[in-house]
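What follows is a single structure, written as structure tokens, with notes after it.
The values are calculated or read from the model by the stated rules, or taken from the named source; none is laboratory data. Bear in mind that the values here come from a model prediction, so they are computed numbers and not experimental data. In this analysis, Cβ positions are derived from the backbone assuming ideal geometry, glycine residues included, and neighbour counts consider all displayed protein chains. All accessible areas refer to the heavy atoms of the entire protein, side chains included, with ligands and DNA or RNA removed. Shrake-Rupley method; radii C 1.70, N 1.55, O 1.52, S 1.80 Å.
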Amino acid sequence: MQLTDRIRQVKIFLVAAAIIIAVVSLLVSRYLVRDLASEEKNKMEVWAEAMRALNKADENTDMNLVLKVIDENNTIPVVVLDNNGNAQIFRNLNVTGETYDDSIADATGQGRRMKDAGRSIRINIDEETDSDYIEVCYDESIMLRRLNVYPFWVLGLVILFVVVAIFALLTSKKAEQNKVWVGLSKETAHQLGTPISSLMAWTEILKETYPDDALIPEMDKDVKRLQLIAERFSKIGSLPEPIPCSLIDVMKHVVDYMNRRTSNKVEMKTRFPSQDIIVKINSSLFEWVIENLCKNAVDAMEGAGTITLFMEEYKDKVIIEISDTGKGISRKNIKNVFKPGFTTKKRGWGLGLSLAKRIVEEYHKGRIFVLNSEVGKGTTFRIELRK
């Protein structure tokens with residue numbers, strides 16, 4: 001649980017950091033865009049005054065200053081329209097057209113769009129009448145346009161960074177878990193091997209010494225059970241080769257085992273199809289999955305209730321459902337039930353369902369998930385295997 005909580009906190013921190021960076025970038029860029037737009041508007045007002053002076057120039061006008069102001073605009077697109085709305089001159093504008101008339105027509109269209117957008121300054125040539133005028137229409141400079149899209153690039157990069165960071169975190173976590181699983185499984189199988197071999201030898205001696213003792217066959221079953229557990233652990237660290245097996249036989253074997261190991265207060269119900277179902281699985285490991293789910297169901301029911309095993313065959317898959325009448329799983333815990341270390345029991349390591357998920361999804365290329373669960377009524381787990 002502590003590892004899960006720590007990883008969740010790291011994810012939340014990364015997302016929060018990304019949001020803060022994006023918000024700050026948006027605010028800063030908005031301020032920059034606003035200031036630059038205001039500065040460009042002031043420049044265009046000065047440029048418009050220069051155009052007014054140029055149109056009203058006489059022998060006393062300082063043409064050097066006027067032309068300098070006009071020529072210094074190398075960034076802001078501008079179109080001068082006459083009182084009929086036709087372009088007279090334009091600067092810093094990308095126009096299309098093979099002929100001069102086509103270029104003027106394109107500039108006229110762009111100038112009118114600038115005017116409709118509210119970016120124009122009207123200059124009266126004759127102060128005594130309003131019919132003789134020109135309009136200086138301007139657009140955002142390249143720098144201003146870049147600043148407008150800049151925050152979205154930053155936001156995209158931040159999101160990409162967060163996604164890559166979370167993916168790297170999950171990948172490293174999964175790789176670490178895999179190493180732990182392999183090491184733990186191999187070591188457990190190794191440690192169990194020697195005492196199991198010794199117990200098998202002692203059981204054979206007891207059979208020869210006390211051939212009529214009724215307890216010795218039961219001891220032999222338990223030893224074989226230990227041998228099966230050690231075999232399962234040894235297979236966790238590698239990819240076992242699946243072979244065609246009868247799913248109904250596997251399920252019945254689990255039911256028989258659970259009936260021998262649980263009290264009479266636990267009822268095992270089965271709903272299997274009449275025809276046999278053959279699927280490529282590793283029977284030893286798959287039995288382990290069903291046993292884990294059944295044992296969890298017994299714990300959830302606190303030793304009294306009903307466990308229902310349902311199986312149905314479709315064209316491309318087989319569905320297995322294990323339902324219980326236990327205390328159920330709260331909605332907030334459903335997404336955590338398969339995480340290593342998660343458990344609601346006072347005793348237990350929280351590894352059973354994690355192992356079950358690994359066996360079903362990695363070794364058998366299937367799916368396992370909580371189909372439904374209601375607190376106080378029970379839980380249903382579903383396994384889907386491809387045929």
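General observations
- For peptides 25-35, 95-105, sequence by mean Cβ density within 10 Å, most packed first: 25-35, 95-105
- For Val266, nonlocal amide neighbours, meaning residues 5 or more places apart or on other chains whose placed amide H falls under 5 Å from its own, are Gly305.
- Length-normalised contact order of the chain in % [C-alpha pairs under 8 Å, at least 6 apart]: 11 percent
- Å² of accessible area per residue within the chain, as computed with a 1.4 Å probe and no ligands counted: 61 Å²
- Rounded, prolate or oblate (a/c below 1.5 giving rounded, otherwise prolate when a/b exceeds b/c) for the stretch 202-331 by Cα gyration tensor: oblate
- Unsatisfied cross-links (Cα-Cα over 26 Å) in the set Lys41/Lys68; Lys280/Lys357; Lys252/Lys339; Lys207/Lys280; Lys186/Lys280: Lys252/Lys339; Lys207/Lys280
- Which labelled figure in [x] 26, 62, 12, 0; [y] 19, 31, 15, 18, 13, 4, 0; [z] 24, 50, 25, 2 is P(r) over Cα pairs in 20 Å bins from 0, in percent, once derived from the coordinates: [y]
- Cα-based shape type of the stretch 91-160, given that a ≥ b ≥ c are square roots of the gyration tensor eigenvalues and the cut on a/c is 1.5: oblate
- Within the accessible area of the chain (1.4 Å probe), percent carbon and sulfur: 56 percent
- With both residues required to sit in the chain, DSSP beta bridges show an antiparallel share near 85%.
- Shape category assigned to the stretch 218-292 from the gyration tensor of Cα positions, a/c cut at 1.5: oblate
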